[in-house]
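The values are calculated or read from the model by the stated rules, or taken from the named source; none is laboratory data. Because the structure is a prediction, the values reported are computed rather than measured. We place every Cβ from the backbone using ideal geometry, glycine too, and count neighbours over all the protein chains shown. Protein only, heavy atoms only, side chains kept; ligands, DNA and RNA dropped before computing areas. Shrake-Rupley method; radii C 1.70, N 1.55, O 1.52, S 1.80 Å.
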Amino acid sequence: MGLYRTNAIVLRSIKLSETDKLVTFMSEQFGKVKCVARGARKIKSRFAGSLEPMTHVYLIYFGKENQQLFSLNNADIIESFHQLREDFQKLYTGVYLNELVDAMTVEMQEDKQIFQLLLDSLNALQNQSGFETLCRMFEIRLLSVSGHRPELNHCAVCKTAKVNGWVGFSYARRGIVCGHCMKQTGTEIKFTTGTLNYLRKLLTLDINCSGRLKFPKGMDEEIEKITHRLILSHVGRELKSYPFIKNMAAIG
Ligand SMILES: [Zn+2]
């Protein structure tokens, strides 16, 4: 039996029985972890409030190494991110980020970068009003730290760095295609180098400044076609929370 201690973010929390919850965490030290929280559904639970999705906690759990399900010992709140739950746009955006991490990771694979990306993004979401740029930034960075970074500097076919005017994008090759190669191979979508520059910025800009980066009209959909569709090609299905995000964007 081992006792494990780590910083973690609650990804989701579901009912397991009349008294217990099954909680999925993205931890800093041990990757994604699932724990049974005994008594968590009782009114006077010692886990009160600490198992809400998006809560940043100091987690202590135990169990045998390599087992799938652990027992929750303690979850002390470091940051509750309660402001995210008071605003529907922020709440659903946060739920979407959580869902993405859950869908893109497997259990017990340490990934400090994903934990940090999620924590930084929840902080940014709490402190700013824009959320579309943050979603796109999160999508492309999650792909990158998961080893699926799209190639935005060189043509995915001929490797040239010289791309002017219209640029294509190949989902199969996971990268941009120059004008010359586009004529020969064709691509599913094409966009201007202006859009390409915004895509590159999503990879380099400080996540706390995502609220300041606004896409020109029409470009937001082009960018979504790259980042969100790339995510879908890995996950293999649409994310449950995504229609809510789309509706919010439509309402503005
Ligand atoms: Zn080329």
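Among Thr185, Thr93, Thr24, determine the one that fluctuates most according to a GNM of the chain built with springs between C-alpha atoms less than 10 Å apart.
Thr185
May I ask you to give the solvent-accessible area per residue for the chain, in square angstrom, as obtained with a 1.4 angstrom probe? Mind showing how you got there, number by number?
Numbers: 12600 Å² over 252 residues.
On a per-residue basis, the chain sits at 50 Å².
Looking at the chain as a GNM with Cα springs under 10 Å, which of Leu239, Leu142, Leu91 has the largest mean-square fluctuation?
Among Leu239, Leu142, Leu91, the largest GNM mean-square fluctuation belongs to Leu239.
Counting only protein heavy atoms and a 1.4 Å probe, tell me what percentage of the chain's accessible area is made up of carbon and sulfur. Could you put the intermediate results ahead of the total?
Values: 6170 of 12600 Å².
Using a 1.4 Å probe with all protein chains present, the chain comes out at 49 percent carbon and sulfur.
First obtain the Kirkwood hydrodynamic radius of region 115-225 from its Cα pairs, then insert it into the Stokes-Einstein equation at 20 °C and 1.002 mPa s, and state the resulting D in µm² per second as a whole number.
147
What does the convex hull of the Cα atoms of region 184-252 come to per residue, in Å³, rounded to a whole number?
It comes to 133 Å³ per residue, whole-number rounded.
Most mobile of Lys21, Lys34, Lys42 per a Gaussian network model of the chain (Cα springs, under 10 Å)?
With Cα springs under 10 Å in the chain, the top fluctuation among Lys21, Lys34, Lys42 is at Lys42.
How many Å³ per residue does the convex hull of the Cα positions in the chain occupy? All intermediate terms of the calculation are to be shown ahead of the outcome.
Numbers: hull volume 33.2 nm³, N = 252.
So the per-residue Cα hull volume is 132 Å³.
Work out the charge dipole of region 1-80 with +1 on the Cβ of Lys and Arg and -1 on the Cβ of Asp and Glu about the Cα centre, then indicate which of Ser27, Leu16, Ser50 is farthest towards its positive end.
Working it through, the farthest residue towards the positive pole turns out to be Leu16.
Across region 1-80, how large is the tail of the calculated P(r) beyond 17 Å, expressed as a percent of all Cα pairs?
Values: 1114 of 3160 pairs.
Summing the P(r) of region 1-80 above 17 Å gives 35 percent of all pairs.
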